[in-house]
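Worksheet for the structure shown next.
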Amino acid sequence: MSVNNTKNSGTGSFIRDNQKSLAFIAIGIVVLILLYIGYQRFYLAPRAERATNEMFKAEEYAMIDSLQNRAIDGDGSYPGFKEIAEEYSNTKSANVANAYLGGLYLRQGKYQEAANALSKYSDTGSPVLDPLVTGLLGDAYTELKDYKKAADQYKKAASKSDNSFTAPLFLKKLGLVYEAQNDYKSALENYQKIKKDYPQSYEASIIDGYIARCEAH
């Protein structure tokens, strides 16, 4: 992945490594999910059909780190996600293109551009894609140090779908944002919710340390 080691260390790094970073952006996994689920969500309409047919090349480029710029800007023969999002605005293809753009900009460390793209995304009804994109917007705001907006997005992401994958993931991120603001009571509430409501999740298996840290304050 083309994200530096500081960013890859996760939101926990903000607490553990002298507040170097708060974002927990598993972009490689998320982009793959977007590639699959986003593609499955396409609905062809007369105006959007061309965009859908043209998007396949940008999708291929998105999976190759060295070709991210082509995925965003196109290659001269095929449009990138940026052009598709602008040219076919108000279509489902443009909506998914904005989700791709946000993920790719996050991978490149262009957090304001990521926030701009992700904020244009409209929910599709997908129980996985919708909370992921909302959570990615939270990641962008986290890296921009706008913790209030980040917390709002993580709350929305956690509530969009009650499953053991996305809900505990974003509850944990929400807790870390609260910790960054020294609001250990609110952080503790979210960590305890993970342990109580999502005991089979990965986050539940590691949450005791986070709970202990908050209880110590």
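Segment K185..S164, full-extension length gain: 5.2 nm, with 0.36 nm per residue of separation and the alpha-carbon distance subtracted.
Note that region 153-169 has calculated 3J(HN,Hα) couplings of 5, 5, 4, 4, 4, 5, 8, 5, 8, 8, 10, 7, 9, 7, 4, x, 4 Hz, one per residue in order, obtained from phi through the Karplus relation 6.51 cos²θ - 1.76 cosθ + 1.60 (θ = phi - 60°); glycine and proline are x. For region 74-80, putting each phi into the Karplus relation 6.51 cos²θ - 1.76 cosθ + 1.60 with θ = phi - 60° gives couplings of x, 10, x, 9, 10, x, x Hz, in residue order, rounded to whole numbers and with x for Gly and Pro. Of the whole protein surface, Y111 contributes about 30 Å² of accessible area at a 1.4 Å probe radius. For region 201-210, backbone phi angles converted through the Karplus equation (6.51, -1.76, 1.60; θ = phi - 60°) give residue-by-residue couplings of 7, 4, 4, 5, 6, 10, 7, 4, x, 5 Hz, Gly and Pro being listed as x. Taking all protein chains as they are arranged and a probe of 1.4 Å, the heavy atoms of E83 leave approximately 100 Å² accessible to solvent. Here region 66-155 is treated as a sphere whose radius is the Kirkwood value from Cα pairs; by Stokes-Einstein at 25 °C and 0.890 mPa s it diffuses with a coefficient of 187 µm²/s.
Shape of region 90-205 from its Cα gyration tensor (a ≥ b ≥ c, root eigenvalues): rounded if a/c is under 1.5, otherwise prolate when a/b > b/c, or oblate? The shape class here is oblate. The overall shape of region 138-217 is oblate: from the C-alpha gyration tensor, with semi-axes ordered a ≥ b ≥ c, the ratio a/c is 1.5 or greater and a/b is no larger than b/c. What is the Cα centroid distance between region 89-129 and region 186-217, reported in whole angstrom? Here the two parts' Cα centres lie 29 Å apart.
The values are calculated or read from the model by the stated rules, or taken from the named source; none is laboratory data. This one's a predicted model, so the numbers in the text were calculated from it and none came from an experiment. With ligands, DNA and RNA removed, areas are computed over all heavy atoms of the protein, side chains included. Shrake-Rupley method; radii C 1.70, N 1.55, O 1.52, S 1.80 Å.
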